[in-house]
Amino acid sequence: MNTSLTPSAANPLKLGTRRSPLAVAQAEETRSRLCAAHGWDEACVELVTVVASGDQVLDRPLAEIGGKALWTKELDAWLADGSIDFAVHSMKDVETERPEALVIAAVLPREDVRDVLVGAESVAAIPAGARVGTSAPRRAAQMLHARPDVTVVGFRGNVATRLGKLEAGEADVTLLAAAGLNRLGETAVGSPLDSETWLPAPAQGAIGVECLAARTDLRALLDAIDHKPSHAAIDAERALLRGLGGTCHSPIALLTTAEGDMLTLRAALFSPDGAERIEASASFLAGDSEGPAALASTLLGSASEAIRRHFTGN
């Protein structure tokens, strides 16, 4: 394991990432920010790529084959055995409960949190009876709530794969994260949906940098690129998920807004078929874990069984 606080091209810090184009783009952004913050040459941070389990099985929903751990387990093992010094993740793909030996040491400035609709100009403009390609429970439930006439078809893979499936006619429209498209330079794709009416996923648009909790030397270096407002919002959203017992099966959408040190979380829970929806919001100081927990309690207390059974860790 590299423990040097002054890495060099000959002795670089090793940054682990999934091998998908978006994951590599996120790792490159992380490296650029870290090297700029410390005045290093970019050769001082080496990217180490892995094909994650979640990238290998594309014909079934993530919830059926192991959940969000499929995006992180290989990188977790490399952190544990010292093959890499730190890892970069899309925070919406990171399990709410993480090993105690690991810590999210930095969150980069959050990108656009919105979803982008590809294949139609708006949700209302989707043709009647259209096939909507998504494997995300939130997107599926939110779409079926707004448009119960459409059919949801399974759609997994990276951005290019999903756009290819759409072009091949496997669905009529699909949904992608604006943040991912922006990071790939695909800013002309699709129509962004208003985040006030089409709520995003928890932690959408955020890049997290994880390392061993014991690596205090590395944590000090990573603090230089930690965007505190983004980190506070992500912590609050993940705290709400913990309070709800949310899993990758759980249809939840939320939007966080900040005013100074005050955060407001607006969250909606759905039944998977979109037939039922409840919403609540709460405001609290950044860093207050009781605020998200209280909001979770409010939501679960008003949820029907059709919604609640998909939360509380089930």
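The values are calculated or read from the model by the stated rules, or taken from the named source; none is laboratory data. Keep in mind that this is a model prediction, so the values were computed, not measured. Neighbour counts are summed over all protein chains in view; Cβ atoms, including those assigned to glycine, are modelled from backbone coordinates with ideal geometry.
Pull up the range 187-198, narrow it to residues that are in contact (Cβ under 8 Å) with a residue 24 or more places away in the chain and touching a helix residue (DSSP H, G or I) at 6+ places or on another chain (Cβ under 7 Å), then point me to the one that is farthest from Glu100 (Cα to Cα). Please lay out each step first, then the result.
Here is the first cut: in the range 187-198, the residues in contact (Cβ under 8 Å) with a residue 24 or more places away in the chain are 189-196, 198.
Subsequent filtering for residues that are touching a helix residue (DSSP H, G or I) at 6+ places or on another chain (Cβ under 7 Å) retains 189, 192, 198.
On the way: Val189: 39, Pro192: 37, Trp198: 34 Å.
Residue satisfying both the conditions and the ranking: Val189.
Condition check ((1) crowded, with 21+ Cβ neighbours inside 10 Å; (2) under 22 Å from Pro21 (Cα atoms)) across all residues:
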site	(1), (2)
Val88	yes, yes
Val103	no, no
Leu108	yes, yes
Asp115	yes, yes
Arg138	yes, no
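For the range 235-266, enumerate the residues that are without any contact (Cβ under 8 Å) to a residue 40 or more places away in the chain and over 20 Å from Arg139 (Cα atoms). Correct list: Thr257, Ala258, Glu259, Gly260, Asp261, Met262, Leu263, Thr264.
Applying the condition of being among the β-branched types (Val, Ile, Thr) and under 12 Å from Val118 (Cβ atoms) to the range 162-190 and asking which residue is surrounded by the fewest Cβ atoms within 10 Å (Cβ to Cβ) yields Val189.
When the residues of the range 217-253 are filtered to those that are modelled with pLDDT under 95 and of a type in the set (S, T, N, Q), the one that is farthest from Leu15 (Cα to Cα) is Ser250. Looking only at residues that are touching a helix residue (DSSP H, G or I) at 6+ places or on another chain (Cβ under 7 Å) and within 17 Å of Asp112 (Cα to Cα) in the range 200-230, which one is surrounded by the fewest Cβ atoms within 10 Å (Cβ to Cβ)? Per the criteria, the residue is Ala201.
Within the range 177-186, at least one residue is touching a helix residue (DSSP H, G or I) at 6+ places or on another chain (Cβ under 9 Å), over 26 Å from Ala275 (Cα atoms) and without any contact (Cβ under 8 Å) to a residue 60 or more places away in the chain.
Can you tell me which of Thr256, Thr187 is among the β-branched types (Val, Ile, Thr) and modelled with pLDDT of 95 or more?
On the way: Thr187 fails: modelled with pLDDT of 95 or more.
Being among the β-branched types (Val, Ile, Thr) and modelled with pLDDT of 95 or more holds for just one of Thr256, Thr187, which is Thr256.
Of all residues in the range 84-114, exactly one satisfies the criterion of being of a type in the set (Gly, Ala, Ser) and within 23 Å of Ser135 (Cα to Cα), namely Ser90.
Each residue in the range 149-161 was checked for being buried (at least 19 other Cβ atoms within 10 Å of the Cβ), in contact with a strand residue (DSSP E or B) (Cβ under 8 Å, 6 or more places away or on another chain) and of a type outside the set (A, V, I, L, M), and 1 pass.
If you take the residues of the range 24-64 that are at pLDDT 95 or above and of a type in the set (S, T, N, Q), which of them is surrounded by the fewest Cβ atoms within 10 Å (Cβ to Cβ)? Among those residues, the one meeting the criterion is Ser32.
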